[in-house]
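Undergrad: The structure follows.
The values are calculated or read from the model by the stated rules, or taken from the named source; none is laboratory data. Treat the numbers as computed from the prediction; the structure is a model and nothing was measured. Cβ sites come from the backbone with ideal geometry, for glycine too, and all protein chains shown count toward neighbours.
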Amino acid sequence: MFPTRAVFARSKKIRQFINVALNVDVPQLGVRNAIVPVARGRMRNYLYPSALARYLSDPSLTFDPSPPAFDPNAPLSLPSSTSPTPLGLPLPSAAPTLLPLLRSLPPLTLPRRPTVPGQPRSPLYGSVSLSDVEDLLADEHGVRLAVQGARVVGFEDLDAQGAEVEGGRVKALGRYEVKVQLDGQEELVRLRLDVVDGQSQ
């Protein structure tokens, strides 16, 4: 007997799912670094462009798409908000590959408009945020930190004896050190950042 149309539809729906790793906690999906099944279209159109999840390169990490059997007599229990999702599996850190890549980068240069042109430490119109540096790394060097479980966490002002930049925003031209936190690593990676007069270039 040939499979019914319902069987074909169910098989097609199962093949549309893919295993991905979450970069951050995603409500109703799982916690950061969990491996969860999601629809291919949702990954392609939303999760990956938003840097919420990344594709897996290990084909041995699989999942069973069939739902568990329903037991009407089983007691109802809700998972704790602090417990990991049942689908969550720990992933190895991306630090072994990302660390040498970051250390090999040349000093970063970010042009900005100063309020006093020609003054080396002129205040800026606006500021340079942590996300501005992450965008610079992605656009100029192809390094997407969020996809690899890393993030920029702060700045130090090299022209002020390495003083911490308050508020996480650079507000003047000068030489800075960018601090990058890698997933699973206590030691920070430090990158050089030069905020320069964009009108003089």
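Undergrad: Do you know which residues across the stretch 154-184 are in contact (Cβ under 8 Å) with a residue 60 or more places away in the chain, closer than 22 Å to P106 by Cβ and within 25 Å of the chain's Cα centre (by Cα)?
TA: Of all residues in the stretch 154-184, those in contact (Cβ under 8 Å) with a residue 60 or more places away in the chain come to 173, 178, 180, 182-184.
Keeping just the survivors that are closer than 22 Å to P106 by Cβ gives 173, 178, 180, 182.
Within the stretch 154-184, V178, V180, L182 meet the criteria.
Undergrad: Sticking with this one: Return yes or no: is R151 assigned to a loop (DSSP other than H, G, I, E, B) and surrounded by 14 or more Cβ atoms within 10 Å (Cβ to Cβ)?
TA: Answer is no for this residue.
Undergrad: Another question, then. What are the pairs with Cβ atoms under 9 angstrom where one residue, in the stretch 17-45, is hydrophobic (A, V, I, L, M, F, W, C) and the other, located anywhere, is part of a strand (DSSP E or B) and loosely packed, with under 15 Cβ neighbours inside 10 Å? Sequence gap at least six, or different chains.
TA: So the pair list comes out as F17/A39; I18/A39; I18/Y55; V20/Y55; A21/Y55; M43/Y55.
Undergrad: Further question: For the stretch 20-53, which positions are touching a helix residue (DSSP H, G or I) at 6+ places or on another chain (Cβ under 7 Å) and within 21 Å of A150 (Cβ to Cβ)?
TA: Result: V20, N23, A51, A53.
Undergrad: Another one. Just the residues that are crowded, with 16+ Cβ neighbours inside 10 Å and among the aliphatic types (A, V, I, L, M), please, taken from the stretch 155-201.
TA: Hits for the stretch 155-201 are V165, V170, A172, L173, V178, V180, L182, V189, L191, L193, V195, V196.
Undergrad: Sticking with this one: Name the strands (runs of 3 or more DSSP E) wholly inside the stretch 21-125 in which the number of residues that are exposed (fewer than 13 other Cβ atoms within 10 Å of the Cβ), among the acidic types (D, E) and at pLDDT below 60 is 1 or more.
TA: The strands (runs of 3 or more DSSP E) meeting that bar number zero.
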